[in-house]
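The values are calculated or read from the model by the stated rules, or taken from the named source; none is laboratory data. The model shown is predicted, which means the values in this text are computed figures rather than measured ones. For neighbour counting, all protein chains shown are included, and Cβ atoms are generated from backbone atoms with ideal geometry for every residue, glycine included.
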Amino acid sequence: MTDHQKLAEAGDYNFAYLDEQTKRMIRRAILKGLAVPGYQVPFASREMPMPYGWGTGGVQVTAATLTPDDTLKVIDQGADDTTNAVSIRKFFQRTAGVATTEETQKASVIQTRHRIPEATLSEDQVLVYQVPIPEPLRFLEPRETETRKMHSLEEYGLMHVKLYEDISQHGDIATSYAYPVKVEDRYVMDPSPIPKFDNPKLEMAAIQLFGAGREQRIYAVPPYTRVVSLDFEDYPFEASKADHACDLCAAEDSYLDEVILDDAGSRMFVCSDTDYCRSRRAAGHVGRLGETGQPAEAGQSGEAGQSEKTGQSEKTGEEAA
Amino acid sequence: MMAPQVGEQDMTPLLQVNGLTKMYGARIGCRDVSFDLYPGEVMGIVGESGSGKSTLLNAMAGHHAPDRGEVIFDTRADGPQDTLKMSEPERRMLGRTDWAFVHQHARDGLRMSVSAGGNIGERLMAVGGRHYGEIRAQAADWLGRVEISDSRIDDRPSAFSGGMQQRLQIARNLVTGPRLVFMDEPTGGLDVSVQARLLDLLRGLVREMGLSAIIVTHDLAVVRLLADRLMVMKDGHVVESGLTDQVLDDPQHAYTQLLVSSVLQV
């Protein structure tokens with residue numbers, strides 16, 4: 001008897017924690033979000049058994065999306081084995097009893113914090129993002145009434161003021177994550193704090209759902225929707241990454257985390273997508289540091305896994321909601 | 001300094017205000033204000049604090065909805081239109097193209113966390129400017145026109161003096177080449193020498209660009225210098241109006257007489 005069945009029999013939890021009426025409410029918001037791509041749909045966000053900033057929005061969207069047949073993958077900054085990913089995966093193992101996986105291709109629902117998986121997603125997959133601040137105009141215009149009006153009237157000049165400021169201060173567009181996009185030529189949207197390297201991947205075959213728990217907003221990008229990163233004619237958008245190859249799997253096309261190895265300044269670059277890295281190493285690709293010390297598998301969960309947590313704690317200033 | 005003469009060609013007023021009334025509950029904000037403003041003309045509105053000057057200005061500029069009346073603006077595309085009956089997107093579009101609003105406190109009209117160049121560029125980007133180099137060149141040009149050094153283009157307005165902030169606000173408003181400028185006490189809170197420079201600058205810009213302007217102030221010297229015509233308000237009503245020199249030199253209404261005689265002579 002699985003944990004889920006035990007819980008269900010005891011009458012403690014409904015499937016996937018939330019009660020059916022709540023899921024119904026969330027699904028309505030999701031459907032509305034899909035019908036109006038990029039529009040932030042307000043929803044009655046529930047208290048979840050985790051603090052705001054740990055993915056309460058994403059968890060609610062996932063809970064409303066899951067069916068007992070689904071296979072769930074949870075990633076945090078691309079990694080399957082960091083705290084946030086592990087605890088959310090366990091949460092759904094326990095409350096929904098669904099199968100889980102770390103392999104991107106085998107998952108039907110993927111909840112993510114701040115990354116899009118490297119592997120191309122397909123039409124039968126759903127990608128759920130955890131969003132801290134859904135309003136792309138928030139730091140430019142603090143009034144909610146005003147930002148809503150700006151969205152409804154398509155007044156997005158202010159967004160370019162931010163990019164202008166970037167160029168005037170840094171010489172180029174220095175915004176490197178949560179890079180604003182325009183969806184289907186209508187709504188300007190915050191793609192959650194994914195690196196701008198991931199922005200071109202927002203035009204994909206899978207359904208993308210964004211949940212912001214504390215801010216009580218859900219928005220969505222349907223499959224094959226046009227998503228354009230904002231830029232200037234003379235300073236076009238550029239999907240940037242560290243100019244290295246992965247030190248474990250030698251991949252040159254994946255987004256990399258920089259890991260400090262010691263106090264002497266040595267460092268390594270590793271794929272932030274752990275599943276991508278593992279599958280490449282399983283296929284025989286070896287990077288600069290891939291063979292030193294432990295075998296590949298241990299290297300990932302030991303040394304690199306440890307370091308990645310360090311890398312993550314540096315980044316948690318930008319919390320997911 | 002000539003107001004357009006009656007009988008000249010093209011005498012469609014740029015702005016026609018008819019019976020504009022704004023109440024705050026039972027209290028009067030402004031009542032039954034009517035006037036015409038012709039292209040290139042500068043209208044001054046004077047009166048003491050609480051006389052309804054700013055209420056009138058905000059009602060005309062669409063910042064709050066008046067209770068009665070019409071504000072008819074001669075739009076470029078469709079001729080005279082009642083701006084109060086326009087849809088909000090149309091009115092806001094007008095507000096960032098053909099209209100400009102200079103606030104008394106520069107802080108209300110500027111984005112204090114954005115550089116001077118970004119402040120000037122905002123209206124350009126709002127109407128579709130997407131070329132960084134061109135936006136920056138225009139910002140630099142306008143900084144020059146309001147006598148701020150190019151080297152301050154990346155400084156935030158919070159690093160500017162009060163007078164510079166006010167000049168920056170004017171540059172930010174005029175960059176899209178508006179035809180009508182609303183000004184609410186543009187020289188308020190500035191010391192007299194800075195006021196004089198600002199007035200000089202404004203007079204130059206108004207003449208050079210052929211702007212029409214409505215200037216609200218309690219400072220008679222400002223209207224003497226800038227305005228072709230004058231309206232005197234008291235308790236929400238217009239008590240006297242006419243050519244500036246005529247009203248100031250030969251005031252008819254008791255309140256205007258009081259106002260003119262209250263000015264300290266140095």
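Looking across the range B:111-129 at every residue that is more than 7 Å from chain A (Cβ to nearest Cβ) and among the β-branched types (Val, Ile, Thr), the one that is farthest from A:Asp231 (Cα to Cα) is identified as B:Ile120. Taking the conditions (1) closer than 24 Å to A:Met25 by Cβ; (2) in a loop (DSSP other than H, G, I, E, B) in turn, A:Pro117 satisfies each one other than (1). For the range B:53-71, a residue qualifies if it is under 14 Å from B:Phe35 (Cβ atoms) and either at pLDDT below 90 or surrounded by fewer than 20 Cβ atoms within 10 Å (Cβ to Cβ) (or both), and exactly one does: B:Glu70.
One residue stands out in the range B:72-110 among those that are of a type in the set (Val, Ile, Thr), out of contact with any Gly (no Cβ under 8 Å at 6 or more places or on another chain) and free of Cβ contacts under 8 Å to residues at least 60 places away in the same chain: the one that is farthest from the other protein chains (Cβ to nearest Cβ), namely B:Ile72. Selection of the range B:165-205 for residues being surrounded by 21 or more Cβ atoms within 10 Å (Cβ to Cβ), closer than 16 Å to B:Asp98 by Cβ and among the β-branched types (Val, Ile, Thr) yields B:Val175, B:Val181. Within the range A:12-26, residues that are under 16 Å from A:Phe92 (Cβ atoms) sit with their Cβ atoms under 6 Å from residues that are β-branched (Val, Ile, Thr) and not in a strand (DSSP E or B), at 6+ positions apart or across chains, in these pairs: A:Tyr13/A:Thr95; A:Ala16/A:Thr95; A:Tyr17/A:Thr95. A:Gly97 meets all of the listed conditions (1) at pLDDT below 95; (2) touching a Leu at 6+ places or on another chain (Cβ under 8 Å) but one, namely (2). With the structure loaded, tell me whether A:Phe197 is of a type in the set (A, V, I, L, M, F, W, C) and either part of a loop (DSSP other than H, G, I, E, B) or in contact with a strand residue (DSSP E or B) (Cβ under 6 Å, 6 or more places away or on another chain) (or both) or whether it fails that test. No, not satisfied.
Screening the candidates A:Ser254, A:Ser307 for the property of being among the small types (Gly, Ala, Ser), at pLDDT 90 or above and under 16 Å from A:Gln77 (Cβ atoms) yields one hit, A:Ser254. The residue that is farthest from the chain's Cα centre (by Cα), among those in the range A:102-145 that are within 14 Å of chain B (Cβ to nearest Cβ) and among the charged types (D, E, K, R), is A:Arg143. State all residues of the range A:1-50 that are assigned to a helix (DSSP H, G or I), at pLDDT 95 or above and crowded, with 19+ Cβ neighbours inside 10 Å; if no residue qualifies, say none. Residues satisfying the conditions are A:Lys23, A:Ile26, A:Ala29, A:Ile30, A:Gly33, A:Leu34. The condition of being over 18 Å from the mean Cα position of the chain (by Cα), more than 14 Å from chain B (Cβ to nearest Cβ) and not in a loop (DSSP other than H, G, I, E, B) holds for only one of A:Arg148, A:Arg94, that being A:Arg94. Checked against (1) farther than 24 Å from B:Leu56 by Cβ; (2) under 17 Å from the mean Cα position of the chain (by Cα), B:Leu124 passes all but a single condition, namely (2).
The single residue among B:Val181, B:Val175 that is within 18 Å of B:Gly109 (Cα to Cα), over 14 Å from the mean Cα position of the chain (by Cα) and touching a residue at least 40 places away in the same chain (Cβ under 8 Å) turns out to be B:Val175.
A:Tyr164 meets all of the listed conditions (1) surrounded by fewer than 22 Cβ atoms within 10 Å (Cβ to Cβ); (2) under 16 Å from B:Ala126 (Cβ atoms) but one, namely (1). Just to be sure, is A:Tyr187 within 14 Å of chain B (Cβ to nearest Cβ) and touching a residue at least 12 places away in the same chain (Cβ under 8 Å)? Answer is no for this residue.
If you check B:Arg31, B:Arg76, B:Arg107 for being over 13 Å from B:Asn173 (Cα atoms), at pLDDT 90 or above and surrounded by fewer than 16 Cβ atoms within 10 Å (Cβ to Cβ), only one passes: B:Arg107.
For the range A:51-78, a residue qualifies if it is assigned to a loop (DSSP other than H, G, I, E, B) and not charged (D, E, K, R), and the qualifying residues are A:Pro51, A:Tyr52, A:Gly53, A:Gly55, A:Leu66, A:Thr67, A:Pro68, A:Gln77, A:Gly78.
If you filter the range B:130-150 down to residues that are among the β-branched types (Val, Ile, Thr) and more than 8 Å from chain A (Cβ to nearest Cβ), you find that the one that is surrounded by the most Cβ atoms within 10 Å (Cβ to Cβ) is B:Ile148.
The residue that is nearest to B:Arg130 (Cα to Cα), counting only those in the range A:220-237 that are in contact (Cβ under 8 Å) with a residue 40 or more places away in the chain and assigned to a loop (DSSP other than H, G, I, E, B), is A:Asp231. Taking residues in the range A:245-259 that are more than 16 Å from A:His285 (Cα to Cα), and partners anywhere that are β-branched (Val, Ile, Thr) and surrounded by fewer than 18 Cβ atoms within 10 Å (Cβ to Cβ), the pairs with Cβ atoms closer than 9 Å and at least 6 places apart or on different chains are A:Val259/A:Thr310.
Within the range A:166-180, identify whether any single residue is touching a residue at least 12 places away in the same chain (Cβ under 8 Å), among the hydrophobic types (A, V, I, L, M, F, W, C) and more than 14 Å from chain B (Cβ to nearest Cβ), and answer yes or no. For the range A:166-180, residues touching a residue at least 12 places away in the same chain (Cβ under 8 Å), among the hydrophobic types (A, V, I, L, M, F, W, C) and more than 14 Å from chain B (Cβ to nearest Cβ): present. The helices (runs of 4 or more DSSP H) located wholly in the range B:153-258 that include 3 or more residues which are over 30 Å from B:Val114 (Cβ atoms) occupy B:220-226, B:244-249.
Look at B:Arg107 and say whether it is closer than 30 Å to A:Ile167 by Cβ and over 15 Å from the mean Cα position of the chain (by Cα). It is true that B:Arg107 is closer than 30 Å to A:Ile167 by Cβ and over 15 Å from the mean Cα position of the chain (by Cα).
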